[in-house]
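Reading through the structure tokens given below for one structure.
The values are calculated or read from the model by the stated rules, or taken from the named source; none is laboratory data. Everything numeric here is computed off the predicted structure, so don't read it as measured data. Side chains are part of the model used for accessible areas, which takes the heavy atoms of the whole protein and leaves out ligands, DNA and RNA. Shrake-Rupley method; radii C 1.70, N 1.55, O 1.52, S 1.80 Å.
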Amino acid sequence: MSKVLITGSSGYLGKSILKSKYFRNIIVRETSRRTQSSTNVVHLDLDNLKKFKCPTVETIIHCAGIAHKIKHKNLKRLNYEATIELATIASKHNVKNFIFISSIGVCGKSSKSIINESSEVSPEDYYSESKYLAEKALLELSKRTQMKIIIVRPSLIYGKGAPGNYSLISK
């Protein structure tokens, strides 16, 4: 049976992934910044990864980070540097797959053509830049390790109670 670790499991996307029917036959571990008594929850503080004890899992889905706070002082630290630290730790613990939730924002704010994996990249704000820096570093890491990197660039995450821009277009 597959084992998966989901970072950012208390956020909107992480919670939604946990509820997904696709995880019914998979052992899922969550992360929390706070120490938990549950054996299903792993302590993960992106500001202090030296204390992180990577569980035995095949895949990490990395949803944790800062979103919707474009001028946050720790944006680059948490979305870029901590992502690379976490992925490096994961590779040393023989994690096979690292799924990174990035942002379509790395392709710029507007496009008159269809955006796909070969589209030009032109991040226009600190958030998108932090995600793009992480993408580049993760791809470099994958060249030096056996870990497969999967980058997902969602354009808009929506649903009931969704944060971000969804509330602007749902009225």
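The residues of region 84-128 expose, per residue, 61 Å² of accessible area to a 1.4 Å probe. Phi angles of region 41-47 translate, via the Karplus equation with coefficients 6.51, -1.76, 1.60 and θ = phi - 60°, into HN-Hα couplings of 10, 9, 6, 9, 10, 5, 7 Hz per residue; Gly and Pro are given as x. Per the 1.4 Å probe, what fraction of the accessible area of region 90-140, in percent, lies on carbon and sulfur atoms? Carbon-and-sulfur percentage of accessible area, whole number: 49.
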